[in-house]
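These notes concern the structure reproduced below.
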Amino acid sequence: TDQSKIRNFSIIAHIDHGKSTLADRLLELCHAVPEREMENQLLDSMDLERERGITIKARAVTIQYDALDGQTYTLNLIDTPGHVDFNYEVSRSLAACEGAILVVDASQGVEAQTLANTYLAIEHDLEIRPVINKIDLPAANPALAKEEVENVIGLEAADAPEISAKMGINIQAVLEDVVHHVPAPQGDPKAPFKALIFDSQYDAYRGVVVYFRVMEGTLTLDQTVRMMASGAEYGLVEIGHLLPTKLEPCKSLSAGEVGYLTASIKNVKDTQVGDTITTVETPAAEPLPGYRPARSMVYCGIYTEDGSKYPDLRDALEKLQLNDASLTFEPETSAALGFGFRCGFLGMLHMEIIQERLEREFDLDLITTLPNVIYEVTKTDGTEVRVDNPHNYPDPSVIAEQREPFVKVSIISPPDYVGNIMPMCQERRGEFKDMQYLDTNLVEIHYHMPLNEIIYDFFDALKARTKGYASLDYEFLDYRASDLVKVDLLLNGEQVDALSFIVHREKAYGRARRICEKLKENIPRQLFEVPVQAAIGGKIIARETVKAMRKDVLAKCYGGDISRKKKLLEKQKEGKKKMRTLGTVQLPTEAFMAVLKLD
Ligand code: GDP
Ligand code: MG
C-alpha cells in the first residue's frame, strides 16, 4: 500500500459531544456499511454502551474515502472512550494515529475532557483538527465555541468545519479536512517489525483478536510474533483489515496500516494494550515507548445474593476478564456474605459497568460492598502491605505509617460556580493548587484530593451544585501519609465484616453515625432488642437501637381466616429466604444494600 494515501486518526471529545455519532456519519459517507445494516453508533457494539450512550472500548475501522481531488484514501478511524477511567486506552489509541478530530459541542464549548484529551493528543504530536458539532441545536453558538478553542486550547479554529453529526450536515468537510491536514504515516516498511497494540478482544472461535497499528516493517502470515512486554510468542493464524462489519483477511500488513491478528491466543492478558508486537524473523531492538500495565484504582467485594451461585459468579468474572485485562479478582470470604470475590477496577464507571454486565449478561443477583481504594501500610516491624479490603486492615498497634492514593483533580466551570465548588473540595480534604481563567467565562481549578473522597458521590455532587456546567477530570498522583482509621460495625455486639470501612479520623464520627442511623432504619424489628454500634479499635463511637418486636405476626389475624394465615406464613417464609443472618440478627438483603449505598 501507498502510505501517502493512508490517514490514521482518532476522534476525541468531552463525553457526549458527539464522537460516536460523527463516526457513524463518516462511515455512511464512505458507504462502508450497506444502508440496511446501518445502526446508530455502530462502533459502540456492546449493548450496554448503546444504552448508556458511552464508548467503553476503543474500536477501529478502515474505510475508503473518494476525496474531491479524485484520489481514494484509506482512512483508519479509531474511536476512543471519553471517560477518565479509560484514559490509558485513549492514550494508546492516540499513539496509533497521526491526527485527531477534536469534536466540540457548539452548545457546551470546551469542557474538562476536551482539554484533557487535547493535551494527550499534543503529547503524541498529533495534528489536531477542531470540528464544531451540534450546530442544529437552538442553543448552539459556533462562534463562541471557536473562540474558546482558540483562547483556551490555542488551536486555530476559524476554518473548523461547523457540522451536525446528528442531522448529517457538512460531514464531507470533516473528511476533506482530515485528508489535507493530517499527515500520512511515514514508517519504513523494510525496518524490523514494530506494531502497537491498542485493543484486543476475546472471541469464542478465534481466541483473542489483537488490534494494532504497524509503525515499522511488514508482517506476513508465515512469521512468528512476539509480544515484547510479556515475551509470549505465537505462530499467526490470520491477519487482516478491520472493515466496519467484518474482519477481512489479507496476506501482509506494512508500516502505516492498521489491522488485526489471530494466533490461538487464549487470554487478553497476554496481549495488553500498549504492548509492542515484533516478529521473531525481524526482531525490533526496543519496544515502542509508553507501555504500562493496567492499574486498579477502586476495589469492592462482589457476592451473590444466593450463596449457591458462587461458581456461576466465578465463571462470569472469568468470562468478562477474557475481554478486559484491567478487571482483577481474587476469592474472599465474608462471615456476613459468604464466598465472593474482591474485584479491582480502573475507576467507578468501570466498576458500575462490570456490576451491570454481571447482572444482565449472566443473570446474577449481586451484593456488592462499599467501594474502597487501595491503602499502603508500613508496619512497625518494617514490612509493607497493600490493603484492598478494609476488613483486613492491620491493627493500629502495628501500624508505623499509612498512606492513601491522591489524585490531581481538574475542574472546569463557569466562574459563577467557583463559590460552590471550592467548599465542596475543601470539605473532601482537597488541597487547593491553583485557579486560572481560561477565558472570560471559563475557569480551571486544580486540587490534589484523596481518591477515597471522590469515589462515592463527588461527580454527582459537583454536577448538582453547578447545574451540570462543571466538568471533572482526574489522574493518579501519588500515595501520601494520612491519619486513617478503620471503623467496624457491630450488630448485637457482633462485628459485620462486610461493613467495615477506612476513613480519615476527622470524618470517622460523622460517617459512623450516619451508617448506624441507616442500619436502624433498615433493620426490621427482631424478637429482641438489637444494638447497632460503630467502633474504632474496640472503642464505641456511635450507637443506635432497634427496638424489639412486640407481637407475633399471626396475632394480627384474630384467629379467623385460615387462608389469610397461610398466606402470611408463606410470605414470612419467602422473606426468610432473602434474609442474611448476621450472627443472631436477621437482616433483609435490601437493608444491607441500602446501607452499602451510603449518603
Ligand atoms: P460521544 O459521547 O462523544 O460519543 O457522543 P455521542 O455520539 O454518543 O452523542 C451524545 C448525544 O449527543 C447523543 O444523544 C447524540 O444523539 C447527540 N448528538 C450527537 N451529535 C449531535 C448533533 O449534531 N446535534 C444534536 N442535536 N445532537 C447530537
Ligand atoms: Mg461515544
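The values are calculated or read from the model by the stated rules, or taken from the named source; none is laboratory data. This structure is a prediction, so every number in the text was calculated from the model and none was measured. Please note: Cβ atoms are built from the backbone with ideal geometry, for glycine as well, and neighbour counts cover all protein chains shown. The area values use the complete protein model at the heavy-atom level, side chains included, leaving out ligands, DNA and RNA. Shrake-Rupley method; radii C 1.70, N 1.55, O 1.52, S 1.80 Å.
Side notes on the structure shown:
- Check on LEU77, out of contact with any Gly (no Cβ under 8 Å at 6 or more places or on another chain), of a type outside the set (Phe, Trp, Tyr), within 16 Å of ligand 1 (Cβ to nearest atom) and at pLDDT 80 or above: yes
- Verdict on LEU68 being hydrophobic (A, V, I, L, M, F, W, C), at pLDDT 90 or above and in contact with an Asp or Glu (Cβ under 9 Å, 6 or more places away or on another chain): yes
- Count - residues of segment 7-25 that are within 20 Å of the chain's Cα centre (by Cα) and near ligand 1 (Cβ under 6 Å from one of its atoms): 7
- Complete set of residues in segment 326-339 that are open to solvent by less than 50 Å² (accessible area, probe 1.4 Å) and in contact (Cβ under 8 Å) with a residue 60 or more places away in the chain: SER334, ALA336, LEU337
- Residue match in segment 84-96 (condition: assigned to a loop (DSSP other than H, G, I, E, B) and not small (Gly, Ala, Ser)): no
- Residue list for segment 99-131, filter: more than 19 Å from ASP159 (Cβ to Cβ) and surrounded by fewer than 21 Cβ atoms within 10 Å (Cβ to Cβ): SER107, LEU115, TYR119, ILE122, GLU123, HIS124, ASP125
Let's see how each residue does on (1) open to solvent by 60 Å² or more (accessible area, probe 1.4 Å); (2) in contact (Cβ under 8 Å) with a residue 40 or more places away in the chain; (3) in contact with a Phe, Trp or Tyr (Cβ under 6 Å, 6 or more places away or on another chain):
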| site | (1), (2), (3) |
| --- | --- |
| ARG226 | yes, yes, no |
| THR245 | yes, yes, no |
| PRO249 | yes, no, no |
| LEU261 | no, yes, no |
| THR271 | no, yes, no |
| MET297 | no, yes, no |
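- Among the residues making up segment 503-512, those that are in a helix (DSSP H, G or I) and open to solvent by less than 20 Å² (accessible area, probe 1.4 Å) are ALA508, ALA512.
- If you go through segment 8-32 and keep only what is of a type in the set (D, E, K, R) and near ligand 2 (Cβ under 9 Å from one of its atoms), you end up with ASP16, LYS19.
- Test: residue in segment 151-167 that is surrounded by fewer than 16 Cβ atoms within 10 Å (Cβ to Cβ), away from ligand 2 (no atom under 16 Å from the Cβ), assigned to a helix (DSSP H, G or I) and not polar (S, T, N, Q): no
- Members of segment 513-535 that are among the hydrophobic types (A, V, I, L, M, F, W, C) and open to solvent by 40 Å² or more (accessible area, probe 1.4 Å): LEU527, PHE528
- Scanning segment 458-502 for residues that are open to solvent by less than 50 Å² (accessible area, probe 1.4 Å), of a type outside the set (Ser, Thr, Tyr) and within 27 Å of GLY419 (Cα to Cα) turns up PHE458, ALA461, LEU462, GLY468, ALA470, LEU472, ASP473.
- Enumeration of residues in segment 1-19 that are more than 19 Å from GLU257 (Cβ to Cβ) and open to solvent by 20 Å² or more (accessible area, probe 1.4 Å): ILE15, ASP16
- Count of segment 299-325 residues, restricted to those that are open to solvent by less than 70 Å² (accessible area, probe 1.4 Å) and either part of a loop (DSSP other than H, G, I, E, B) or of a type in the set (Val, Ile, Thr) (or both), is 5.
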